Each structure stands twice: as C-alpha cells, then as structure tokens.
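The values are calculated or read from the model by the stated rules, or taken from the named source; none is laboratory data. Predicted model, so just to flag it, every value in this text is computed and none were measured. Note that each Cβ is placed from the backbone with ideal geometry, even for glycine, and that neighbours are counted across all protein chains shown.
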C-alpha cells in the first residue's frame, strides 16, 4: 500500500542573521558596519539545522503525534507537509488532499465574515463552490458560532477563530489533516468534540499528524509518535512508550534546574533546610513505582539551624503535565508541631495512595504558623503509579476514590442486596 505521507531523509537548514534585502535595510546595515566592526562569526554559527535526516511514513487511517520541546522541529515538519517551506535536502511525498490547522487564524482574512472565510478556505483547500455549500451547515454547526457567522473574523475571540478553523479543516474530510497545538485554546467541551471528530476521521481513512504538549490529548488521539529533539528523531513507536521516553528526559532536565535552584536556596541563609523528600511504599522502602490501591508515605527530612517554633507543613502531589492533584497541610488537619534546632522528619501517610496510572512528583514545604508565608520547599524524585484507571484522558481525573457499591432490588416479594467495592467490607 502506498503511504499517504513519506519523509525520505529530509533536512531543513536556516541561515541566521539579516534576512531583509530591501534597499533601506541594506544601506542601514552597511552604515552600522562602517561605524562599528561586527564581531567575527564562523560560517557554522550562522546556520541552524531545524531538521536533520528525518525519515518516516504514515499510511491511510493512521495517526502520528510529534512530541518534543520547543524548537525540536515539530512545526517545521508541519510546514514542509503543508508546502509552506521547501526542504534543504531529502524528499517529502504526499498522496491525497491535505487540510492544515497549524496556526491560529491561518488562512482567515480578518475583514471578511465567518461565512466568507469558510468559502475562501474551502476554495484554497481545493473544494468547488457546490461542495462548500453542501458542507456549509455542517461546518457552522460544528463551530457553534452560527450567531456570529456574518460578523467579520477580526471581531472573533481566539477561541471562536479556533472553532471555525477546526470546523473547516475537519468537515471537508481531507485525506491528511495537520493539527498543531491550536486545540489548547478551545474549552474542554470543544476539545472533546474535536477529539471525537479526529477519531472519526481516522476511522474513515484520514491520516492525522498531531502536535501538542498535552500528553493526554496525544495519548487519546494517536497510536504512534515521534520524539524529536534539536531536529533529530530520538525515539519512535507506540505513543505510550515514546511519551515515557520524553517524560524521562523532561524529568532529568527539571531535576537539573531544581538542583540549581536548591543550591541557591541553601546558600541564601535560610533558618531551616529541607534535605530531602521521600516517597515510600507500604513497607517503608523508597520506590520509583507505587501501587494505587496500597498505602504510601511521604517523608520531609529537614535540618533546622535555630529553634523555629510552631510551623505548618505542606505536601503537594503534581502530575507530569504540571496539574496539582491534591494538597495536604498540617494546618488543614488541625495538626500542630514545633521545630527546634536540629534534624527531624515530618511524615504523612496516604491509605491508600489512590492516584490513577501516571507519573508524579511531590513538593514538600514548610510555612509559618499562620500559613501566610512559605519558608522553604523541596521536591521528591519523580515516581510512577500503577493503577487500574487510565490517565491519558483528562476526563478520567487524577485519583480513584475508595468505593462501596450497593444494589437493592425487590421482586416477587424478595429483596436482594449486593455489596462490594474497593474499600473495606461493610454491612
């Protein structure tokens, strides 16, 4: 079967520095050069390789996520696919009609109405006027902005522009659809609507290239992924495995930055220092992987350089995408403790942990007695939680609570009660 998309050893080079060639800019640059000698730069320092030797294929009805930090080359790939730019070397092959949503409002004329922009975009994408008219109501219904369809787009909010742009891109049923981060602007309900449409398009044979820093959107949308860094492929394969590789790299970078921040904090003369934050399993052992349905402990080790008096301790559990899952504070639980000079440990136990499958980090800290001012904080190592619930969609939440289920049924004069759940037995 012929691939819908094929990248064959593609590289893209940019030259840094002055790109303007108008007469005023050239004269201005020449005058600056006469008045002030330019610093010597090697030829290599003026060259940026946005992509280097990238090869991949995507077949009909397949979805591929591009993940990586800013500047990794994701948008460059999309622009090559959309024929906005040309590769420096290698070959990009497309088989089929392409629709792209790679920049907020791209292709919309601000002075034209939403209605006029639908026809304009449809024609740009290769549709006839009759085809656009046939799909016009579907596009407007999907965008949910029918009230403003005859209003100039320049008066639309960013969310309205995304709604209309995605509606046009998705409702024409393209062979290839490119989506770059724009769904982050829409609200949660519209994101869910877009994800359902993307799944529907994939089932109907559309090939999807999807770029997002939201791992949960990526996992819910794509069955394969490419991890890019500095224009090169670091990893490729099933989405879950590639994201795990990317998360490990992110964790290492965050840990490095945290070490720098903590070293600065230590030298700032704080009266109390958190030496480490531990996450322990039910056996009291440090573990990088925990079970959701078993107990866990968080220990905050500290060294006080003077008597501190009554303090408040806090523990935040944060997911790998930055979401704070929960907060625990001694002050909220009416717990008081006094810190004197010397070493000590504050421990909180979760019975059970209850977090669903995912990667997390814990931030432990101390505040003054009134909880009005933070004193010092430190984070644990990253850890993984294995649970029965899946965490790749935001609607699945962040934890699985203890439950007791009861079924009462009355029939033929007999009442049956069935009790069960993941909590302790009860009657």
Discussion item. It is to be established whether one or more residues within the stretch 241-263 are under 20 Å from residue 375 (Cα atoms), touching a strand residue (DSSP E or B) at 6+ places or on another chain (Cβ under 9 Å) and modelled with pLDDT of 90 or more.
Written reply: no
Practice prompt. Test residue 152 against the criterion of being touching a residue at least 40 places away in the same chain (Cβ under 8 Å), surrounded by 15 or more Cβ atoms within 10 Å (Cβ to Cβ) and farther than 18 Å from residue 102 by Cα, and give yes or no.
Written response: yes
Discussion item. Could you check the stretch 144-159 and list, in sequence order, the residues that are in a helix (DSSP H, G or I) and modelled with pLDDT of 90 or more?
Written reply: 146, 147, 148, 153, 154, 155
Worksheet item: Has the stretch 42-49 got at least one residue that is surrounded by fewer than 19 Cβ atoms within 10 Å (Cβ to Cβ) and at pLDDT 90 or above?
Response: yes
Practice prompt. Might you let me know whether the stretch 57-79 holds any residue that is at pLDDT 60 or above, assigned to a loop (DSSP other than H, G, I, E, B), assigned by TED's automatic domain parsing to the domain that holds residue 231 and surrounded by fewer than 10 Cβ atoms within 10 Å (Cβ to Cβ)?
Written response: yes
Worksheet item: Any chance the stretch 107-123 includes a residue that's in contact with a helix residue (DSSP H, G or I) (Cβ under 6 Å, 6 or more places away or on another chain), at pLDDT below 90, within 18 Å of residue 208 (Cα to Cα) and not in a strand (DSSP E or B)?
Response: no
